[in-house]
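Trainee: Please find one structure pasted underneath; my questions will follow.
The values are calculated or read from the model by the stated rules, or taken from the named source; none is laboratory data. Being a predicted model, the structure only gives us computed values, none of them experimental. We place every Cβ from the backbone using ideal geometry, glycine too, and count neighbours over all the protein chains shown.
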Amino acid sequence: MKGYCGKILIVNLSTGEIGSEAIGDDIYEMLLSGVGLGAYYLYRHIPAMADPLGPDNILGFTSGLLTGSGSLVTGRWMVVCKSPLTGGWGDANCGGTFSPAIKRCGYDALFFKGISAQPVYLYMDNHGASLRDAAHLWGIDTVESESLLRNECKAQKKPSVAVIGPAGENGALISGISNDSGRMAARSGVGAVMGSKKLKAVVLAGSRRIAVHDSARVKAISKAYAIKIKKAALPKIMKGWMLPLMGKMMAGSKNNALMDGLAVAAMNKKWGTIANNTVGVPNGDSPIKNWGGSVKDYGWGKYRHLNPDRILRRHTKPYACYACPIGCGGISAIQDVRDGRFKHTHKPEYETCAAFGGLILNSDLDAIFYINELLNRAGMDTISAGGVVAFAMECFQNGIITKADTAGLELSWGNADAVIELLRRMIQRRGIGDLLADGVKKAAEKIGAIAQPYAVHAGGQEPGMHDGKMDPLTGLHFSVEPTPGRHTIGAVVNYNLSRIWEFVSWAPKVPAKYPKDKDYAVNEENARKAKANSCLKMILDGAGGCLFAVLTGLNHWKIFDWLNATTGWDKTPDDYMQIGMRIQTLRQMFNIKHGIDPKTFKMHDRMSGKTPLKEGPLAGIALAIEPSMQSYWKELGWDENSGIPTQQALDHLQLTPLLNGEVF
Ligand code: SF4
């Protein structure tokens, strides 16, 4: 076996038993590692209709097949479980250093079953794994807990720590899992599942190495990519204040034009995701005022405060995930205006800036820094938290939530101080915070039908900060993925930057320039592009790859070559896309097993423009979302009316034995 360890760790938290299971080479060839290995294990071992917060749910930490191989931008880890937000398949993805740490302990994945009677953490190094008491850490935030655990678990090698904060401990369904002092695997409610198991942390301090089939070839591919990334740079005259002009030009253009992904790499190197802060508002990508507003509500006078250059002024050092030459992250110094507690923090990502910027009409950048740190330490998903706050504000505006409900909090649009207090209550589940801590879907169900028009979600998940009316494939992926509302799976822009048609025989070719209207058509070509996005993302999540590497173009980031050189396989890109399709279908079958009707994952009507916006760059746009969903399902070989994979598709993907309880 090359590139993978061939075994998984299984921990029963109810009994304290720790064991391992060998995984055959054929499983890796069928499903890679990462999310594919997670789907393989969870489909077989979580009983139908299991309570996501009960002992039958399984929480998995998985590494990527390419992680630790010497390949680049392939160090992401995946958490998998049944999601308490959607009731179906849950996964979340994060960078940092935790993914190689899993493999350095000699495993490809760690799975936790049952529920511990007391708070515990798992410690593992080359000598084995043990469960240790974590009562003294319960209630302590993620950053502080990580620091305490590093001291407590002094090892020759600095341990990597994945840990939950008070949000996950308190069962907030919108909570995530942190590593590297506040980098979050945030989606699907994975932190609540970890909290329900009384598992505070996983501490890994192994030092094993991964065998690679053709190390020289892997290194040669990596060297070529690293040189390209090193050279990728924006013209010196390019400044943050110019970005809104780019956004306006995009909004005004009737055409889409292909660009080289290295330009995106250059932007990511300079600013990271915050480059989109001031592009996304004028071009319509950033949702405004709980998805009901536009740049008319959140104009230049407001969004200019989110200029990425202003954020970089607080930059103290760059930050990169494991084996990543792009390094889109950064550590910033903040002068805290409220309690003076935090000195250094991860630079807020675009998603956080948008969720606590335009979505709630806030332009106080200090508040966004503070909120970012508050939520990272609490272990709460910033996207979902922003969505919930926007929902609460619109309910407040319409008299559905009143000052009597908020104990005096004035939840008016843009009131940053009220937002911070509301978030504290959500983390601690106090008062109105208890209602909101489980996300907009559950809050709206408790309030009643009157709140439904403002409860913007897809299948129970608050969506990422990208408007599908601006990029229709984003809207489609929000609605058809087994993890609905996910912004990182597919978009027109992702497809175009990836240049996947240069590698995959069936992926539609995109001309250098074409009318934007083509992207809105419901047809086989667009459905096939979405299929390619889904399959490619499953390959990434099986290999540990970062989406931002795809955006540099597969012509530069040669994932298929790395996979063959690492494993010794001789697969074509088409073969790998078939594996991606298999993982995607297995995730969908997990949802079917757990009683999910795929049609119910359709995004909220406001997101698709059922009542179109009256102003702004997306005025008048309404997506034909149901026909698009049917077209996607048909293209994947799933039933076009129900979204359920057909028996023919399952047989073609050789999934039938697995679904029948047999191994491949
Ligand atoms: S591009 Fe950014 S998020 Fe992706 S692996 Fe590199 S540093 Fe991490």
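Trainee: Examine the stretch 244-260 for a residue that is under 25 Å from the mean Cα position of the chain (by Cα), surrounded by fewer than 20 Cβ atoms within 10 Å (Cβ to Cβ) and not polar (S, T, N, Q), and state whether such a residue exists. Give the derivation first.
Mentor: Residues of the stretch 244-260 under 25 Å from the mean Cα position of the chain (by Cα): 247, 259-260.
After this cut, where a residue has to be surrounded by fewer than 20 Cβ atoms within 10 Å (Cβ to Cβ) as well, the list is 259-260.
Right, trim to not polar (S, T, N, Q) and you get 259-260.
Yes, some residue in the stretch 244-260 is under 25 Å from the mean Cα position of the chain (by Cα), surrounded by fewer than 20 Cβ atoms within 10 Å (Cβ to Cβ) and not polar (S, T, N, Q).
Trainee: Given the criteria surrounded by fewer than 22 Cβ atoms within 10 Å (Cβ to Cβ) and either in contact with a helix residue (DSSP H, G or I) (Cβ under 9 Å, 6 or more places away or on another chain) or not hydroxyl-bearing (Ser, Thr, Tyr) (or both), does Asn362 qualify?
Mentor: Numbers: surrounded by fewer than 22 Cβ atoms within 10 Å (Cβ to Cβ): no; either in contact with a helix residue (DSSP H, G or I) (Cβ under 9 Å, 6 or more places away or on another chain) or not hydroxyl-bearing (Ser, Thr, Tyr) (or both): yes.
In short, no.
Trainee: Also: Would you please list the contacts, defined by Cβ atoms under 6 Å and residues six or more apart or on different chains, that run from a residue in the stretch 425-438 that is on the phi > 0 side of the Ramachandran plot to a residue that is modelled with pLDDT of 95 or more and not in a helix (DSSP H, G or I)?
Mentor: Arg429/Asn170; Arg429/Ala437; Gly431/Ala407
Trainee: Please return the ranges of strands (runs of 3 or more DSSP E) entirely within the stretch 12-82 where 2 or more residues are among the aliphatic types (A, V, I, L, M). Spell out how you get there, then give the answer.
Mentor: Numbers: elements: 18-22, 59-62, 77-82.
Answer list for the stretch 12-82: 18-22, 77-82.
Trainee: Any chance the stretch 416-439 includes a residue that's at pLDDT 95 or above, closer than 19 Å to His604 by Cβ and of a type outside the set (A, V, I, L, M, F, W, C)?
Mentor: Scanning the stretch 416-439 turns up at least one residue that is at pLDDT 95 or above, closer than 19 Å to His604 by Cβ and of a type outside the set (A, V, I, L, M, F, W, C).
Trainee: Restricting the search to the stretch 14-40, which residues are more than 21 Å from Ala565 (Cβ to Cβ), surrounded by 22 or more Cβ atoms within 10 Å (Cβ to Cβ) and out of contact with any helix residue (DSSP H, G or I) (no Cβ under 6 Å at 6 or more places or on another chain)?
Mentor: Applying the first criterion (more than 21 Å from Ala565 (Cβ to Cβ)) to the stretch 14-40 yields 14-24, 35, 38-40.
Then drop every residue that is not surrounded by 22 or more Cβ atoms within 10 Å (Cβ to Cβ), which leaves 23, 35, 38-40.
Matches in the stretch 14-40: Ile23, Gly38.
Trainee: Still on this structure: Consider Ile326 carefully, then state whether it is in contact with a helix residue (DSSP H, G or I) (Cβ under 9 Å, 6 or more places away or on another chain), among the β-branched types (Val, Ile, Thr) and farther than 30 Å from Gly620 by Cα. Give the derivation first.
Mentor: Working: in contact with a helix residue (DSSP H, G or I) (Cβ under 9 Å, 6 or more places away or on another chain): yes; among the β-branched types (Val, Ile, Thr): yes; farther than 30 Å from Gly620 by Cα: yes.
For Ile326, the condition - in contact with a helix residue (DSSP H, G or I) (Cβ under 9 Å, 6 or more places away or on another chain), among the β-branched types (Val, Ile, Thr) and farther than 30 Å from Gly620 by Cα - is met.
Trainee: Quick one: Ser332 ticks every box in (1) at positive phi; (2) at pLDDT below 95; (3) within 16 Å of the ligand (Cβ to nearest atom) except a single one, so which number is it?
Mentor: Ser332 satisfies all of (1) at positive phi; (2) at pLDDT below 95; (3) within 16 Å of the ligand (Cβ to nearest atom) except (1).
Trainee: While we're looking at this one, here's another question. Kindly provide the set of residues from the stretch 426-445 that are surrounded by fewer than 20 Cβ atoms within 10 Å (Cβ to Cβ), of a type outside the set (A, V, I, L, M) and under 18 Å from Lys403 (Cα atoms), ordered by number.
Mentor: If the condition is that a residue be surrounded by fewer than 20 Cβ atoms within 10 Å (Cβ to Cβ), of a type outside the set (A, V, I, L, M) and under 18 Å from Lys403 (Cα atoms), then Arg429, Arg430, Gly431, Asp434 are the ones that fit.
Trainee: Another question, then. Of everything in the stretch 118-141, what is part of a strand (DSSP E or B) and among the polar types (S, T, N, Q)? Give them in sequence order. Lay out the reasoning, then the answer.
Mentor: Here is the first cut: in the stretch 118-141, the residues part of a strand (DSSP E or B) are 120-125, 128-133.
If the condition is that a residue be part of a strand (DSSP E or B) and among the polar types (S, T, N, Q), then Ser130 is the only one that fits.
Trainee: crowded, with 24+ Cβ neighbours inside 10 Å, among the β-branched types (Val, Ile, Thr), out of contact with any Gly (no Cβ under 6 Å at 6 or more places or on another chain) and over 19 Å from Ala186 (Cβ atoms): is that true of Val73 in this structure?
Mentor: Details: crowded, with 24+ Cβ neighbours inside 10 Å: yes; among the β-branched types (Val, Ile, Thr): yes; out of contact with any Gly (no Cβ under 6 Å at 6 or more places or on another chain): yes; over 19 Å from Ala186 (Cβ atoms): yes.
Taking the combined requirement at face value, the residue satisfies it.
Trainee: Please enumerate the residues belonging to the stretch 481-500 that are in a loop (DSSP other than H, G, I, E, B) and over 14 Å from Leu554 (Cα atoms). Outline the logic, then answer.
Mentor: We begin by selecting, within the stretch 481-500, every residue in a loop (DSSP other than H, G, I, E, B); these are 481-491, 499.
The answer is Glu481, Pro482, Thr483, Pro484, Gly485, Arg486, His487, Thr488, Ile489, Gly490, Ala491.
Trainee: When you scan the stretch 387-466 for helices (runs of 4 or more DSSP H) that lie fully inside it, which ones turn up with 1 or more residues that are β-branched (Val, Ile, Thr) and more than 19 Å from Glu373 (Cα to Cα)? Explain how you work it out, then say what you get.
Mentor: On the way: elements: 403-406, 416-428, 432-436, 440-447.
By residue number, 403-406, 432-436, 440-447.
Trainee: A follow-up question, please. Return the residues of the stretch 56-75 that are touching a strand residue (DSSP E or B) at 6+ places or on another chain (Cβ under 7 Å) and more than 15 Å from the ligand (Cβ to nearest atom); say none if nothing qualifies.
Mentor: Residues satisfying the conditions are Asn57, Ile58, Leu59, Gly60, Phe61, Thr62.
Trainee: Please identify the pairs in which a residue from the stretch 309-326 that is hydroxyl-bearing (Ser, Thr, Tyr) has its Cβ atom under 6 Å from the Cβ atom of a residue that is within 8 Å of the ligand (Cβ to nearest atom) and assigned to a loop (DSSP other than H, G, I, E, B), counting only partners at least 6 apart or on another chain.
Mentor: Tyr322/Gly75
Trainee: Can I ask one more? Just one of Gly544, Gly485 is within 16 Å of the ligand (Cβ to nearest atom) and in contact with a strand residue (DSSP E or B) (Cβ under 8 Å, 6 or more places away or on another chain); which is it? Write out each step before concluding.
Mentor: On the way: Gly485 fails: within 16 Å of the ligand (Cβ to nearest atom).
Going through Gly544, Gly485 in turn, just one is within 16 Å of the ligand (Cβ to nearest atom) and in contact with a strand residue (DSSP E or B) (Cβ under 8 Å, 6 or more places away or on another chain): Gly544.
Trainee: While we're here: Looking at the stretch 506-588, what helices (runs of 4 or more DSSP H) fall wholly within it and have at least 3 residues that are hydrophobic (A, V, I, L, M, F, W, C), crowded, with 24+ Cβ neighbours inside 10 Å and at pLDDT 95 or above? Break it down stepwise before answering.
Mentor: Details: elements: 524-543, 547-550, 559-567.
Ranges flagged: 524-543, 559-567.
Trainee: So, one more: Can you report the number of residues in the stretch 598-611 which are touching a residue at least 40 places away in the same chain (Cβ under 8 Å) and in a loop (DSSP other than H, G, I, E, B)?
Mentor: Here the count works out to 3.
Trainee: Sticking with this one: Just to check your reading of the model, which residue among Pro287, Pro308 is surrounded by 21 or more Cβ atoms within 10 Å (Cβ to Cβ) and closer than 22 Å to Thr474 by Cα? Quick ask: steps written out before the conclusion?
Mentor: Working: Pro308 fails: closer than 22 Å to Thr474 by Cα.
Matching residue, one of Pro287, Pro308: Pro287.
Trainee: Touching a residue at least 60 places away in the same chain (Cβ under 8 Å) and within 16 Å of the ligand (Cβ to nearest atom): is that true of Ser20 in this structure?
Mentor: Working: touching a residue at least 60 places away in the same chain (Cβ under 8 Å): yes; within 16 Å of the ligand (Cβ to nearest atom): no.
The answer is no for Ser20.
Trainee: Additional query: Asp651 is checked against (1) over 30 Å from Pro453 (Cβ atoms); (2) among the charged types (D, E, K, R); (3) within 27 Å of the chain's Cα centre (by Cα) and fails just one. What number does that condition carry?
Mentor: (3) is the only condition that Asp651 fails.
Trainee: When residues of the stretch 169-184 are filtered for being under 17 Å from the mean Cα position of the chain (by Cα) and closer than 16 Å to Pro52 by Cβ, how many remain? If you could, list the steps in order and put the result at the bottom.
Mentor: Of all residues in the stretch 169-184, those under 17 Å from the mean Cα position of the chain (by Cα) come to 173-180, 182-184.
Going one step further and asking which of them are closer than 16 Å to Pro52 by Cβ, we end up with 173-177.
Qualifying residue count for the region: 5.
Trainee: I'm checking my understanding of the structure. Among residues of the stretch 76-103 that are of a type in the set (S, T, N, Q) and within 14 Å of the chain's Cα centre (by Cα), which one is nearest to the ligand (Cβ to nearest atom)?
Mentor: From the stretch 76-103, those of a type in the set (S, T, N, Q) are 83, 86, 93, 97, 99; that's our starting set.
Filter once more, so that each one left must be within 14 Å of the chain's Cα centre (by Cα): 83, 93.
Working: Ser83: 22, Asn93: 10 Å.
This residue is Asn93.
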